[in-house]
1. Which of the numbered conditions does Val34 fail, given that it passes all the others? Conditions: (1) outside any helix (DSSP H, G or I); (2) free of Cβ contacts under 8 Å to residues at least 24 places away in the same chain.
2. Does any residue in the stretch 59-84 that is among the aromatic types (Phe, Trp, Tyr) come within less than 9 Å, Cβ to Cβ, of a residue that is modelled with pLDDT of 95 or more six or more places away or on a different chain, and which pairs are these?
3. So which residues in the stretch 37-74 are open to solvent by 80 Å² or more (accessible area, probe 1.4 Å) and part of a helix (DSSP H, G or I)?
4. Tell me, yes or no, whether the stretch 30-41 has at least one residue that is within 12 Å of the ligand (Cβ to nearest atom) and over 18 Å from the mean Cα position of the chain (by Cα).
5. Residues of the stretch 152-209 being surrounded by fewer than 15 Cβ atoms within 10 Å (Cβ to Cβ), in contact (Cβ under 8 Å) with a residue 40 or more places away in the chain and within 25 Å of Glu222 (Cβ to Cβ), which ones?
6. Of these, Thr165, Thr240, which one is in a loop (DSSP other than H, G, I, E, B) and under 26 Å from Val120 (Cβ atoms)?
7. Which count do you get for residues in the stretch 106-138 that are open to solvent by less than 10 Å² (accessible area, probe 1.4 Å) and within 20 Å of Ser15 (Cα to Cα)?
8. Go through (1) assigned to a helix (DSSP H, G or I); (2) under 20 Å from the mean Cα position of the chain (by Cα) one by one and return the number of the condition Glu203 breaks.
Amino acid sequence: MRLREKVALVTGGGSGIGRATSTLFAGEGAKVVVADSVVDGARETVQTIKENGGEAISVQGDVSQAADAERMVQETVNTYGKLDVLFNNAGYNVYGSVHELSEQDWDKLMSVNLKGVFLVSKYAVKHMMKTGGGSIVNNASSFGIIAYPRDPVYCASKGGIISLTRQMALDYASYNIRVNCICPGPTLTPRIERAIKAAPDPEERRKQSIKNVLLGRFAKPEEIAYPVLFLASDEASFITGIALQADGGQTIH
Ligand code: NAD
């Protein structure tokens, strides 16, 4: 068990990659706090974990709100006494080129995808600094490295996460807090399934999504959860500040 005795907070744990990672963390011995703005999803994840013999609670909250971010961390510490692992995973996408998007589109997405990482980390590191360290994994994207058509705000937010990860690794190494990020390629989650269904030509959209993926397919959420587990665990004890690409070779081009 790679997270035995550890306490983990997963944001956006009610669906997709966050759900797969919460479940995997619990299977590896962690007590897991599943935080999500959609509480039903978080509760379903907790139920699955408990059915498999694991330990978890759900917390409703929006990572873009400072009070909610603080409460996620506080409830973790109140319930389980500490916080060892934070997976900053909550995020979403808004499609459209720069001239088609509104200022509100920019502000809202940035406040969830990028400010959310800042806020939850801000409260988490305060505990980790007192308790001798921890591991933070941020969910960036291959689109933080390469460009994708009609996706400017998301690409900018994910590039920002990669940069924030490197900066935080620098500031907190002396506190034994490792900070890394994962850069998933296209992963078949409920969010992506919805986007494909909503496209004018769903089959074309599906093909476009995986066009440059060398392995020629979407990842399953579990295929992202495993590298996140590695970064979160002591197996990665000498790794900090990296962006680990789990993208089926998409970024080679
Ligand atoms: P998803 O929609 O299936 O799951 C995201 C979860 O985050 C949902 O439960 C949602 O309710 C929650 N959430 C959204 N906004 C929130 C907020 N403000 N506060 C708290 N919770 C919030 O999506 P997913 O595809 O699993 O994406 C998870 C993360 O992985 C995102 O950061 C996404 O950018 C990243 N990612 C996904 C892919 C992919 O292809 N699926 C690729 C690269 C990166």
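1. If we test Val34 against (1) outside any helix (DSSP H, G or I); (2) free of Cβ contacts under 8 Å to residues at least 24 places away in the same chain, just (2) comes out false.
2. Listed pairs, sorted by first residue: Tyr80/Val7; Tyr80/Lys31; Tyr80/Val33; Tyr80/Glu55; Tyr80/Ile57.
3. Within the stretch 37-74, Asp40, Arg43, Glu44, Gln47, Lys50, Glu51, Glu70, Arg71 qualify.
4. From the stretch 30-41, those within 12 Å of the ligand (Cβ to nearest atom) are 34-41; that's our starting set.
Filter once more, so that each one left must be over 18 Å from the mean Cα position of the chain (by Cα): 40.
Within the stretch 30-41 (the criterion being within 12 Å of the ligand (Cβ to nearest atom) and over 18 Å from the mean Cα position of the chain (by Cα)), the answer is yes, since at least one residue qualifies.
5. Pro190
6. Numbers: Thr165 fails: in a loop (DSSP other than H, G, I, E, B).
Exactly one residue qualifies, and that residue is Thr240.
7. Adding up the residues that qualify gives 8.
8. Among (1) assigned to a helix (DSSP H, G or I); (2) under 20 Å from the mean Cα position of the chain (by Cα), the lone unmet condition for Glu203 is (2).
The values are calculated or read from the model by the stated rules, or taken from the named source; none is laboratory data. These figures come from a predicted structure and were not determined experimentally. Neighbour counts run over all protein chains shown; Cβ positions are idealised from the backbone, glycine included. Keep in mind that these areas ignore ligands, DNA and RNA; they rest on the heavy atoms of the full protein, side chains included. Shrake-Rupley method; radii C 1.70, N 1.55, O 1.52, S 1.80 Å.
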